[in-house]
1. Could you point to the residue in Leu44, Tyr57, Thr14 farthest towards the positive end of the chain's charge dipole, with +1 and -1 charges on the Cβ of Lys/Arg and Asp/Glu respectively?
2. For Glu76, what charge total do you get from the other residues with a beta carbon under 13 Å from its beta carbon, if Lys and Arg give +1 and Asp and Glu give -1?
3. Please work out the Cα convex hull volume for the chain and give it in Å³ per residue.
4. Divide by every residue of the chain the summed helix terms, -39500 (n - 2.57) for each DSSP H run of at least 4, and state the resulting mean residue ellipticity at 222 nm, rounded to the nearest 500 deg cm²/dmol.
5. State to the nearest 20 debye the size of the charge dipole of the chain about its Cα centre, where the only charges are +1 on K and R beta carbons and -1 on D and E beta carbons.
6. How far is helix 70-84 tilted off the main Cα axis of the chain, in degrees rounded to 10, range 0 to 90?
7. On C-alpha positions alone, give me the angle between the axis of helix 5-31 and the longest principal axis of the chain, in degrees, nearest 10.
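Bear in mind these aren't lab numbers, they're just calculated from the coordinates by the rules spelled out. Here the structure is a predicted model, which is why all the values come from computation and not from measurement. FYI the Cβ positions are ideal-geometry reconstructions off the backbone, even for glycines, and counts take in every protein chain you see.
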Amino acid sequence: MNWNVKALKRVAQTTLLSSSLVLGLAMITSAQNPYWYDRDRDSLKRHQKEEQRELKYHQRLEREEFGNSKALKRHEKEKNEKRYGNMR
């Protein structure tokens, strides 16, 4: 079989062009998939909800221990000073 050089070049160019087109379409399709980018956001929301639930539970335990009084406010103030230090 004798192949024409121009025909071989044209086949190679067509193959390269079509493969790059398919790859580009695949990238565009995956970029427009909303689940591709939202998967981390869902786990972040779940984590934030768990932290909020733990915080409320801890606050409820403190209210039960100290009552809703000056002792509770003093405890919260000491806890914040311990956590953040004296910020003055």
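1. Thr14
2. Surrounding charge for Glu76 is +4.
3. With only Cα atoms used, the chain gives 203 Å³ per residue.
4. -30000 deg cm²/dmol
5. Dipole of the chain, to the nearest 20 debye: 260 debye.
6. 40 degrees
7. Around 20 degrees separate the two axes.
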